[in-house]
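Below: the structure, in structure tokens.
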Amino acid sequence: MASTLNTQLHSISFAAFILQEIMGNPREDETPQSRLKQVGMMSVLYIMHQGHQPLTISNLVEITKLTRMGVSEVIEPLIARGMLTETFVKNSMGRGKARQFAISEEIFEKLQSFQMR
């Protein structure tokens with residue numbers, strides 16, 4: 001039972017942290033709508049992360065039903081904020097390159113230190 005409670009607390013902590021980081025620290029070139037999209041995208045990315053799904057543009061397009069450009073427009077500010085890291089991997093056909101993302105380890109470290117208190 002404690003494991004389920006820890007998982008729920010971690011999810012709530014993640015959501016609250018992301019909301020505060022994005023909405024509480026607006027960047028000069030962002031609109032409120034852009035920040036809200038970033039919060040939503042981080043929620044989707046976190047759920048994918050928890051489900052061990054690759055965080056790729058193709059998977060995000062499939063889940064969100066946004067266009068590739070729509071996904072990229074939301075992802076780019078998250079990379080600029082340092083909330084996501086980006087690497088290039090071989091695409092599913094093994095011939096080209098695909099962008100793969102990861103939630104920054106720094107976020108998880110901050111959450112862990114918060115939960116230890």
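Each value in this text was obtained by applying a stated rule to the coordinates, not by laboratory testing. Quick caveat, the model's predicted, so the values are computed rather than measured. Neighbour counts are summed over all protein chains in view; Cβ atoms, including those assigned to glycine, are modelled from backbone coordinates with ideal geometry.
Results, tabulated for the structure shown:
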{"quantity": "Where only C-alpha atoms are counted, convex hull volume of the range 2-116 per residue in Å³", "calculated": "112"}
{"quantity": "Kyte-Doolittle at least 0.5, axis length at least 24 Å by Cα - qualifying DSSP helices, the chain", "calculated": "2-23"}
{"quantity": "The chain - charge dipole about Cα centre, Lys and Arg +1 at Cβ, Asp and Glu -1, debye rounded to 20", "calculated": "340"}
{"quantity": "Expected 222 nm ellipticity per residue - DSSP helices of 4 or more, -39500 (n - 2.57), all of the chain, to 500", "calculated": "-21000 deg cm²/dmol"}
{"quantity": "Contact order relative to length of the chain, as percent, for alpha carbon pairs under 8 angstrom and 6 or more apart", "calculated": "21"}
{"quantity": "Projected label distance in nm at residue 87 and residue 20, using a 7 Å step from Cα toward the beta-carbon", "calculated": "3.0"}
{"quantity": "Packing-based order for 27-37, 73-83, using average beta carbon neighbours within 10 Å, highest first", "calculated": "73-83, 27-37"}
{"quantity": "Computed lengthening from residue 64 to residue 104, 0.36 nm per intervening residue step minus Cα-Cα distance", "calculated": "12.3 nm"}
